[in-house]
1. Tell me, yes or no, whether the range 9-29 has at least one residue that is exposed (fewer than 10 other Cβ atoms within 10 Å of the Cβ), at pLDDT 95 or above and of a type outside the set (Gly, Ala, Ser).
2. In the range 35-51, which residue that is closer than 16 Å to Asn24 by Cα and basic (Lys, Arg) is most open to solvent (accessible area, probe 1.4 Å)?
3. Surrounded by 11 or more Cβ atoms within 10 Å (Cβ to Cβ) and in a helix (DSSP H, G or I): is that true of Ser80 in this structure?
4. Within the range 90-109, can one find any residue that is β-branched (Val, Ile, Thr) and outside any helix (DSSP H, G or I)?
Amino acid sequence: SDGPAARRARRCRRPSTMRIRYSNVKKKKKIMKLAKGMVGRSNRCYRIARPRVEKALAYSYEGRKQRKRDFRRMWVTQISAAVAPYALNYSTFMHGLRRAEVELDRKSLAEIAKTEPASFKALAAIAKTWHDAHRASQTIAL
């Protein structure tokens, strides 16, 4: 009654609820899409593209962190150069502004230094005033 074909048909029948799995094809497509524009077989061959894409993603992650450091370093350099004519250094200027409760970030200060010299001069005067007053109080205390 039950031949091998019937048994095979019952065995191969799909269950009522299908199990959905992440396809390797999707994974490969994702990697190959990211590999577009790479040189050589890296943009055609999955085995070569995968490590190159992983490395590229690692570099791009690190690059995003690096960019923040680079901009901060640039702003500090610009502010330092802008306060030099007022006989201040960067740390004294920033400390004076902080004590005077002037809450401007480095990006804003660097922009003001470039575009509005008069405003920046006023900020330098505020920082210098606080610094001089602080120095005077220290010498009296000694």
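The values are calculated or read from the model by the stated rules, or taken from the named source; none is laboratory data. Computed from a predicted model, the values in this text were never measured in an experiment. FYI the Cβ positions are ideal-geometry reconstructions off the backbone, even for glycines, and counts take in every protein chain you see. Please note that ligands, DNA and RNA were not included when accessible areas were found on the heavy atoms of the full protein model with its side chains. Shrake-Rupley method; radii C 1.70, N 1.55, O 1.52, S 1.80 Å.
1. Scanning the range 9-29, I find no residue that is exposed (fewer than 10 other Cβ atoms within 10 Å of the Cβ), at pLDDT 95 or above and of a type outside the set (Gly, Ala, Ser), so the answer is no.
2. Arg47
3. Yes: the conditions hold for Ser80.
4. Checked against the condition, which is being β-branched (Val, Ile, Thr) and outside any helix (DSSP H, G or I), the range 90-109 yields at least one hit.
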